[in-house]
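Working notes, structure below.
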Amino acid sequence: MTKSAKAKNALELTDLSVAYRVAGRNRAVLRNLSLTIGQGEAYGLVGESGCGKSTVALTVVRYLPRNGSITGGAISLDGQDVMKLDAEALRRARAESVSMVYQDPGKALNPSIRVGRQLTEIFELGGISGQAATDRAIAMLNRVRISDPTSVMQRYPHQLSGGMQQRVAIAMALANDPSMLILDEPTTGLDATVEAEVLDLIAQLRQELSASILFISHNLAVVSNMCDRVGVLYAGMLVEEGPTDVIFNDPRHPYTVALLRCLPRGGQRKDQGRLDTIPGFLPGIGADIKGCAFADRCALADDRCRSELPPLYDLGGRLSRCFHHDKAQALPRATPSDVAPAPKAAAAPVLRVAGLNKTYASHGHALRAVKDVSLDLRPGETLGLVGESGSGKTTFARLLLGLVPPDEGGTIELEGKALAPRLENRSDDQIKAMQIVFQNPDSALNRSHSIRHLIGRALKRLAGLSGKALDARLNDLVRSVRLTDRHLAVKPRQLSGGLKQRVAIARAFAGDPRIVVCDEPTSALDVSVQAAILNLLADLQSKEDVSYIFISHDLAVVRYLSDKIAVLYLGRIMELGPSEDVFSGPHHPYTEALLSAVPKLDQTETARIRLDGEIPSATNPPSGCVFHTRCPRKIGPICEQQEPPLSEAQPGHSIRCHIPYAELARLQKAAVTEPA
Amino acid sequence: MTLFLLSIMVFLGGQVLPGNVGRAILGPFADQRAVDALNHTLGVDRPLLTQYWGWISNFVQGDMGTSYIFRSPVAPFVIDALGNSMKLAAVAFVLVVPIGILGGVVAALNLNRPLDRIISLGGLSVTVLPEFVTGIILILIFGVWLRWLPISAAWPRNAGFFTQLYYLILPSLPLFLVLFGYIARMARSGMIEALDSDYTRTAVLKGLPWRTVIWRHVLRNALLPTITVIATQTGYLIGGLVVIETLFRYQGIGSLIFTAARGKDFPMLESGILTIGIVYAVATLVADFLYSVLNPRIRLGSDQ
């Protein structure tokens, strides 16, 4: 595929170097990067945050931040030298030949201009105005499968859901039929079901349009499903490149090998072994790199790797920047895989929730955020909470923690004793028994205190320690989350995201909690860091016999850590059971759809189930089974009229569906997928 | 609610001020019995709650009471002074809002270049100077040395619109200087934020001309916070001008309150302050209204 598009490449980067000026010094971000994207080709660029992926995108469209500059090399877009364009020619190139879609569509659209106007102004550039422009805009919205384009045109961006916003952004990007479309993390931050829809849309549009695609993502699975070729970027250098399936199935650079090992795959679970990690850190921007950039973190590295920059070896249709490309897959593990046998839960439940409800008042309507949730959790167990945003996961966690009081009637019991609905009325012991780790450690840790102060304070407040005892426990705790003494003196902002999350975990564990609620604890982290945090959580669990309530949109991660799964939809439990049963099925049609939406690295393309539309409003839930409006396996009027009970299909495994268990098994056997 | 609290504070503030009303009016040599009699006529010897209730219930009905000093209804004084103050505020407002916003926008578009530094630093330096300092300097320059402008704001009787305007330019200049830096800084930071935003990037990458990007996509979002600031400053422009009005011998509400406070003329003082409070409240209300009109997220937020 590389050679076939010889005629005129859509994009050619030649020895591109880009630097950011920080503190008066130019610091290299991209180092002699060369890559080529052929006509109609989809090229994926992967790598961890900070390796320069987005800088590539911004350089191509010449929209570098003020302090960024191109220090060498050339960019050729459709045969045009982008760096030689004057302002007017650059504007025309942006209008006609290159477009970009990026993360967070809510911010990418102008909040104070109607969607229609934001689209028509593109056509006006081409001299089409008035009704003609409106017609074109409507056609474009149709093209991105927006069902009611005329009304969407009249709306403001904030009145659309995230998925719709991203469709509009894609419609804007494709409006002038560009030859090059840059997608920079286009689905990051969207729900898995929405992500699947947007990815499907992009795949369909590729068939209809001629645009070449540069697809940037940290999500290897997404890239593997979308792209023909993939390039792996590390410290601003291309370290490996080749056809997607070849790279992901047979990587020849230790960095690619290590990245792939960090992901829980094929239904891997915590008791089957630790995830591998990548030791050390990405070199900072502008770091002076002698030899191979990855050498410091690579177990295969020898003296030559540290002193001499490896060339890009051409391995026949693929490239690898490694002296040892032939034995890259023999990279020794950085983290031993053996795990202590998990303590088997035999004891009485540590947490028992019965008939828990939460109703909010919303503009005079009752909004049932959590409806009739009952479950229990044993010591040392992890309960995974799964569901789209708006399904009630976080509200449920907040109810447990006493941050919001539940409706009258429900009970929460901790170790056999009823918990007061409000945090203020709980005893100190009860409070320290239940702690939380948030998604974003940046906002969870006070920026003006040192790490020692942050953890020390938690020990003082939660464990009631002081003096020598506090210091001793502090050292224990710090070691158990694998921080070192030198981290104690610094402030949070001096630590990386992964290290900050370790501090947050240490803080949560300060009072010997019985239950820790983990609300998307690894969502903001790179895969290598995520692996280390997941390992840490698993280790702490087997050591302390603590229970987790683990919320994550990443089903592979949930599966790795959880013993039990609760699938929530509109605040109701749709399915509850042991992790393996829920994932391997037969499962609730909603669970089936969720699993089917997850992009998988091991490309076993099966019949996909797509959920249409959005999660309905909780103020006005559908009658009968709340899922019937989107259910792919709806059987008839009974689904619209009667809410099915949550009935036990097998011991410990309950499903809320009218379809009998045996029938579900038969239906799903045809399309059994190997999840994540 | 705010106004109610304000009325109580004003009232109590007036009561705890040292001195005796009758004594203040009649002078130190008056007979004590005459002072008592006067106090009784004025009603200031009644219990506090009765006094407050009498005052506030009349105020709500539009009767601001009778001035102790002038022995005539307060309302015409207050309304007259308010009108004068509004004229002065209007002149300052018309000068400072467009120029302040323009300054901020220009500064943001030339971020970290000399022009930005001049506007930002210049704006900041004149803002930190109190208005009586700039006022005196301006009087010296334009009134005394150059003799371009009258040093008093008190225009001749029956002066026409342009004559009044002519007299008001010099007093409004110190106000301009105080507010310019403030408004320019808000506009500048709003612009910087909007210029850095993703939607501006989208607009640029659509290939829109720079001019369209700024006018259509950046300005409206950038100036929203500035509008709120400007509206709250309107309150200051009308109520906080004691110094300027005194300096330029201008019969505004600021100098009215100042005189009333010195003479312990409570009805006048209290009504004046409460009137300013109302002006503040109305200005804030207008600001909120304007903000919601310009910001679809607030305007339509409830139908989601």
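Where a number appears in this text, it was derived from the coordinates with a stated rule and is not lab data. Here the structure is a predicted model, which means the values were calculated and not measured. Reconstructed Cβ throughout: ideal geometry from the backbone, glycine too, with neighbour counts over all protein chains shown.
Pulled fully out, how much extra length does the chain show between A:Ala87 and A:Leu209, if you take 0.36 nm times their separation in residues and subtract their Cα-Cα distance? Walk me through the intermediate numbers first.
Working: separation 122, 0.36 × 122 = 43.92 nm, distance 2.78 nm.
Result for the pair: 41.1 nm of gain on full extension.
Here r is the Cβ-Cβ distance between B:Thr228 and B:Leu111 and R0 is 25 Å; the resulting FRET efficiency, rounded to 0.05, is 0.65. The mean number of partner chain beta-carbon atoms within 10 angstrom of a residue's beta-carbon across peptide B:203-216 is 6. Counted as membrane-span-like here are DSSP H helices of chain B whose alpha-carbon atoms extend 24 Å or more along the helix's own axis and whose Kyte-Doolittle mean is 1.0 or above; these are B:75-109, B:161-196, B:266-294.
Annotation for A:Asp326 and B:Val293: the two label points, set 7 Å from Cα along the Cα-Cβ direction, are 7.8 nm apart.
State to the nearest 20 debye the size of the charge dipole of chain B about its Cα centre, where the only charges are +1 on K and R beta carbons and -1 on D and E beta carbons.
Values: 21 positive and 15 negative charges, 172 e Å.
I would put it at about 820 debye.
With the Cα gyration tensor of chain A giving a ≥ b ≥ c as the square roots of its eigenvalues, does the rule (a/c under 1.5 for rounded; else a/b larger than b/c for prolate; else oblate) give rounded, prolate or oblate? Oblate.
Roughly what % antiparallel, to the nearest 5, for the DSSP beta bridges in the protein assembly as shown? Intermediate results must be reported in sequence, preceding the final value.
On the way: 57 of 92 bridges.
Roughly 60 percent of the beta bridges in the protein assembly as shown run antiparallel, per DSSP.
Placing pseudo-labels 7 Å out from each Cα toward the beta carbon at A:Glu124 and A:Ala299 gives an inter-label distance of 6.1 nm. Residues whose amide H comes within less than 5 Å of that of A:Leu367, counting only those at least five positions distant or on another chain, are A:Tyr360, A:Ala361, A:Ser362 (H built at 1.01 Å from N in the peptide plane).
Full extension of the chain segment joining B:Leu121 with B:Phe4 gains 38.1 nm, where the gain is 0.36 nm per residue of separation less the Cα-Cα distance. Across the range A:343-401, C-alpha contacts under 8 Å between residues 6 or more apart give a mean separation that, scaled by the residue count, equals a relative contact order of 34 percent.
Note on A:Arg452 and A:Ser523: with the Förster distance fixed at 30 Å, the Cβ-Cβ geometry gives a FRET efficiency of about 0.65.
Using DSSP to call loops (not H, G, I, E or B), can you name the chymotrypsin sites (Phe, Trp or Tyr not before Pro) in the range B:68-147 whose Cβ has at most 15 other Cβ atoms within 10 angstrom?
Details: sites: B:Tyr68, B:Phe70, B:Phe77, B:Phe93, B:Phe132, B:Phe142, B:Trp145; in loops: B:Tyr68, B:Phe70.
Taking the range B:68-147 and a limit of 15 other Cβ atoms within 10 Å, the loop chymotrypsin sites (Phe, Trp or Tyr not before Pro) found are B:Phe70.
For chain A, averaging the sequence separation of C-alpha pairs within contact (under 8 Å, six or more residues apart) and dividing by the residue count gives a relative contact order of 12 percent.
Peptide packing: for A:380-392, A:290-302, the average count of neighbouring Cβ atoms within 10 Å per residue gives the ranking A:380-392, A:290-302, highest mean first. Charge dipole (Cα centre; +1 on Lys/Arg Cβ, -1 on Asp/Glu Cβ; no other charges) of the range A:585-670 amounts to roughly 160 debye. Calculated FRET efficiency, A:Glu580 to B:Ile278, Cβ-Cβ distance, R0 = 56 Å: about 0.20 to the nearest 0.05. Reported to the nearest whole Å, the Cα centre-to-centre distance from the range B:25-89 to the range A:172-220 is 74. Label positions at B:Ala30 and A:Lys468, each projected 7 Å from the Cα along the C-beta direction, are separated by 8.0 nm. Simple point charges give the picture: +1 on the Cβ of Lys and Arg, -1 on the Cβ of Asp and Glu, and for the range A:351-393 a dipole about the Cα centre of about 100 debye.
Just need the relative contact order of chain B here, percent rounded to a whole number, with Cα pairs under 8 Å and 6+ apart.
Working: 361 pairs, mean separation 74.4, N = 304.
Relative contact order here is 24 percent.
Other protein chain C-beta atoms within 10 Å of residue C-beta, averaged over A:147-156: 1.
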